[in-house]
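**Student:** Okay, handing you the structure first.
What follows draws every value from the coordinates through simple rules; no lab data is involved. A quick note: this is a predicted structure, and the numbers were derived from the prediction, not measured. Counting neighbours? That spans all protein chains shown, and the Cβs are built from the backbone with ideal geometry, glycine included.
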């Protein structure tokens, strides 16, 4: 349900245009421009400092809240999404293909809105999976407009900062068979409302780049 609701939050207002055609940094300092959306309970998101850099720390205890930022990114110029993340642990192997197991210690959404035709909205959710093999891809339990991608899986990298890089143009083409030239929203979520578990994650250094 969280994936479907986040997709439905899109609107054409409050779009922020980043300036650089080469690197588009997503500011997390003070969380300016990020909006919290609570679906069940209240996941805590706060800025903390690690090694001289500010990162977002998320703590969920049976809750589902996301941080959402409206931002127009030209994927023809900056198709790569880059970020760092870390998790304190994974969940007890939920069935992530089901609505009852739709929980993740960390996930990042990117969304292409459908404009006047909301059924054309498409999103990709990059997750730190608790039960699916790394590299696995599957449809959201709530809507076939969203695809899930397990960037990491299991406990092997728990408590380690991991740097990620995804070519969004290639991923949208592979997952949906569509040429997508722009995304309109990015969101972070640490959620455990379906399993009632606890999870802690950190997110940082989020930016788009040309290579």
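**Student:** Rank these for me by crowding, 148, 189, going from fewest to most other beta carbons within 10 Å. The partial results should precede the final answer.
**Tutor:** On the way: 148 24, 189 28.
Going from least to most buried by this count: 148, 189.
**Student:** Taking just the alpha-carbon atoms of the stretch 42-136, what radius of gyration and Dmax come out, in angstrom?
**Tutor:** When restricted to the Cα atoms of the stretch 42-136, Rg and Dmax are 15.5, 45 Å.
**Student:** Could I ask something else about it? Sorted from fewest to most neighbouring beta carbons within 10 Å, what does the list 157, 194 look like?
**Tutor:** Placing the least packed residue first, the sequence is 157, 194.
**Student:** Take the alpha-carbon centre of the stretch 194-211, take the same for the stretch 115-168, and report the distance between them in whole Å.
**Tutor:** For the stretch 194-211 versus the stretch 115-168, the Cα centre distance is 11 Å.
**Student:** Now a separate question. Could you work out the relative contact order of the chain? I mean the mean sequence separation of Cα pairs under 8 Å and 6+ apart, divided by the number of residues, in percent.
**Tutor:** 34 percent
**Student:** Exposure proxy check: 91, 81 ranked by fewest other beta carbons within 10 Å?
**Tutor:** Ordered by Cβ neighbours within 10 Å, fewest first: 91, 81.
**Student:** Wrap a convex hull around the Cα atoms of the stretch 2-209, take a quarter of its surface area, and give that in square nanometres.
**Tutor:** 10.3 nm²
**Student:** Could I ask something else about it? Okay, helix-only estimate at 222 nm for the chain: each DSSP H run of n ≥ 4 adds -39500 (n - 2.57), divide by all residues, round to 500 deg cm²/dmol; what do you get?
**Tutor:** Helices in the chain give a 222 nm mean residue ellipticity of -2000 deg cm²/dmol.
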